[in-house]
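The values are calculated or read from the model by the stated rules, or taken from the named source; none is laboratory data. Given the structure is predicted, the values throughout are model-derived calculations rather than measurements. Neighbour counts run over all protein chains shown; Cβ positions are idealised from the backbone, glycine included.
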Amino acid sequence: MADFTAGSGYRRGVPAQPPHRPTTAQPAGRRTSAVEVRRSTRRRRTVSAYREGDRTIVLIPARMSEAEERRWVTVMLDRLAAQESRRLVGDSELAGRAERLSDQYLDGRARPASVRWVTNQNTRWGSCPPAEGSIRLSHRLQGMPEYVVDYVLLHELAHLLVPGHGPRFWRLLESYPRTERARGYLEGAVAAGRLPQPPGPAAE
């Protein structure tokens, strides 16, 4: 999700437009998905945008003029595109970390088809659909200590070898020296922000 604060171009005296007035647009040269603009009376100067399926949602103050709306849609589409471009680099680095962890702790036996960050995973830290063999990590992990991200990566790598959270699965993670510390960190994050609860042996 991208956020901005409207600067001097924001017109304070413009009559309010109907809130949540959906519009669609397809600016040339950018992602061709529909753009829906939602106006909010609660917003004063902030503008936000995010992807929702095949659409891009742009949230703007209700009193913003149509000219400013068009300008901010362009700005936010550019910002989202830049974020997604940076994330591609991050995904590549993530795949390299997964390979290193597999070699170091799982004798190189776990080889995911892909490893990437996702923004639509709010009930778990990571996932590894067996049919796909791909690992997806929640964007909520970004900014956390490396040993925590490594633990979640290793957790999902282990699922490529053993499904479920039985004793055999947890034995695979025993070789990672920071397992308990990482789990403690995630549990603290859960308590502080109602984030996903990390699975553990006691949950079985």
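Remarks
- Test: residue in region 142-160 that is part of a loop (DSSP other than H, G, I, E, B) and at pLDDT 90 or above: yes
- Residue list for region 138-159, filter: closer than 18 Å to Gln104 by Cβ and touching a strand residue (DSSP E or B) at 6+ places or on another chain (Cβ under 8 Å): Val149, Val152, Leu153, His155, Glu156, Leu157
- Matching option when the condition is at pLDDT below 85, part of a helix (DSSP H, G or I) and of a type outside the set (Lys, Arg), among Gly29, Gly90, Gly13: Gly90
- Residue check for Arg100: surrounded by fewer than 19 Cβ atoms within 10 Å (Cβ to Cβ), touching a helix residue (DSSP H, G or I) at 6+ places or on another chain (Cβ under 6 Å), not assigned by TED's automatic domain parsing to the domain that holds Leu59 and not β-branched (Val, Ile, Thr): no
- Residues of region 50-59 that turn out to be free of Cβ contacts under 8 Å to residues at least 24 places away in the same chain and closer than 10 Å to Val37 by Cα, as a count: 3
- Arg181 vs. criteria in a strand (DSSP E or B), of a type outside the set (Phe, Trp, Tyr) and at pLDDT below 95: no
- Qualifying residues in region 104-118 (those that are out of contact with any strand residue (DSSP E or B) (no Cβ under 8 Å at 6 or more places or on another chain) and assigned to a loop (DSSP other than H, G, I, E, B)) - the one farthest from Glu52 (Cα to Cα): Asp107
- Here the condition is being in a loop (DSSP other than H, G, I, E, B) and either farther than 30 Å from Asp150 by Cβ or modelled with pLDDT under 85 (or both); of Arg39, Arg43, Arg70, Arg51, it holds for Arg43 alone.
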